[in-house]
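Trainee: I'd like to ask some things about the structure below.
Since every read-out is calculated from the coordinates, none of them should be taken as a lab result. Bear in mind that the values here come from a model prediction, so they are computed numbers and not experimental data. Here the Cβ positions follow ideal geometry from the backbone for every residue, glycine too, while neighbour counts run over all protein chains shown.
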Amino acid sequence: GETVGLVVPERHSYLFEAVHGARSVLETAGIRIALHIAAHTSGSEQAMTQQALERGARGLIVAPRWRSADAERVDYGWLAALPVPAVLMERRPTPGSPLHAMDSVRSDHWYGTHLAVDHLIRLGHRRIVLAARDDSPTARTVRAAFAQIAEERPEVEESAVVLSSPTAVADPEAHGEAPVDLAAVLRAHGATAAVLHGDVDALMLVQQLRDEGVRVPEDCSVVAYDDVVAALGSTPLTAVSPPKEEIGRGAAELLLRRLALPEGARPEAVRSVELLPELKVRGSTAAPPPPRPA
């Protein structure tokens, strides 16, 4: 039967949840998914996409890794020239780029970051740190959104953005980053709360805090971003949960609309869809501790 190629980076559990959503829609429509997993090497998404086309894929859903802005720009040409209908999944085309006119479905990560900061502010936190990755479009959006929101919210007295791990950058050798000492960062800024991206880094940093004698949430509230395994910590983490399966379903539905158009029919308008994350409150956030006497 008909086949759709789905290209995602290896070892990316977040996007594999989106794959399940796409699969449910396409298989219901009688179309088989051919999953192509791209290695962490330059040009691998293009190679996997070419392989899908050579094997007869009628359409494509692509989620490039895009570890850096430069890597994203390298992919513009071949993605914009794909010979079959294609949808970008969980990626935001840069305004004015060749991909701006390509169907896409993604989470609104600005809104997800807002949910995290707003939740902490409502609990009474005024000094907040973001420990986040810098090796994916989602990470870069979360970092930029946090800096903007912290600057614009008058309740936030102090904020900072640090890397969540030395491997969380697009080019670790160029950055020369050491593992973040989150307890030291919190002390330096007098912070009582942290937003951590993504889940695995969050769980590891919470353990680091415990090793330093910082209790969660008694001494420091923590919000994770991604919600893939955040609920599995010894203290289940409050988390921003992007609609991962819905992203996959939405991408598949967009692609089906394209595939259903009769040959020679007038093309439909390009769709750029954003879905809102939700906040799942668990046991890692609480009101801040009372200030210590001078």
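Trainee: Which angle from 0 to 90°, rounded to the nearest 10, does the C-alpha axis of helix 69-80 make with the longest principal axis of the chain?
Mentor: For helix 69-80, the angle is close to 20 degrees.
Trainee: Using Cα-Cα distances under 8 Å and only pairs 6 or more residues apart, what relative contact order does the chain have, in percent?
Mentor: Value for the chain: 22 percent.
Trainee: Which whole-Hz ³J(HN,Hα) couplings does region 101-106 yield from phi under the Karplus relation 6.51 cos²θ - 1.76 cosθ + 1.60, θ = phi - 60°, glycine and proline marked x?
Mentor: The phi angles translate into 9, 10, 3, 8, 9, 7 Hz.
Trainee: Pop the C-beta distance of ALA188 and LEU232 into the FRET formula with R0 = 35 Å and round what comes out to the nearest 0.05.
Mentor: Efficiency at R0 = 35 Å is approximately 0.70.
Trainee: Nothing charged except the Cβ atoms of Lys and Arg (+1) and of Asp and Glu (-1): what's the magnitude of the dipole of the chain about its Cα centre? Round to the nearest 20 debye.
Mentor: Around 440 debye, computed over the chain.
Trainee: Counting other Cβ atoms within 10 Å of each Cβ, which GluC sites (Glu not before Pro) in region 225-294 have at most 12 and sit in a DSSP loop?
Mentor: The qualifying sites are GLU263, GLU268.
Trainee: Let me ask something else. Using the Kirkwood radius over C-alpha pairs as Rh, can you work out the diffusion coefficient of region 11-105 via Stokes-Einstein at 4 °C, viscosity 1.567 mPa s, in µm² per second?
Mentor: Calculated translational D: 93 µm²/s.
Trainee: Return one quarter of the surface area of the convex hull spanned by the alpha-carbon atoms of the chain, equal to its mean projected area, in nm².
Mentor: 16.4 nm²
Trainee: Cα centroid distance between region 27-86 and region 257-273, in Å?
Mentor: 19 Å
Trainee: At R0 = 25 Å, how high is the FRET efficiency between GLN50 and ARG11 if r is their beta carbon distance? Nearest 0.05 is fine.
Mentor: The formula returns an efficiency of 0.70 here.
Trainee: Taking the alpha carbon gyration tensor of region 83-164, what are the square roots of 5 times its eigenvalues, largest first, to the nearest whole Å?
Mentor: Ellipsoid half-lengths, sorted descending, are 31, 12, 10 Å.
Trainee: Enumerate the calculated ³J(HN,Hα) couplings along region 249-261 in order (Karplus 6.51 cos²θ - 1.76 cosθ + 1.60, θ = phi - 60°), each rounded to whole Hz, writing x wherever the residue is Gly or Pro.
Mentor: With the stated coefficients, region 249-261 comes to 5, x, 4, 5, 5, 4, 5, 4, 4, 5, 5, 7, 5 Hz.
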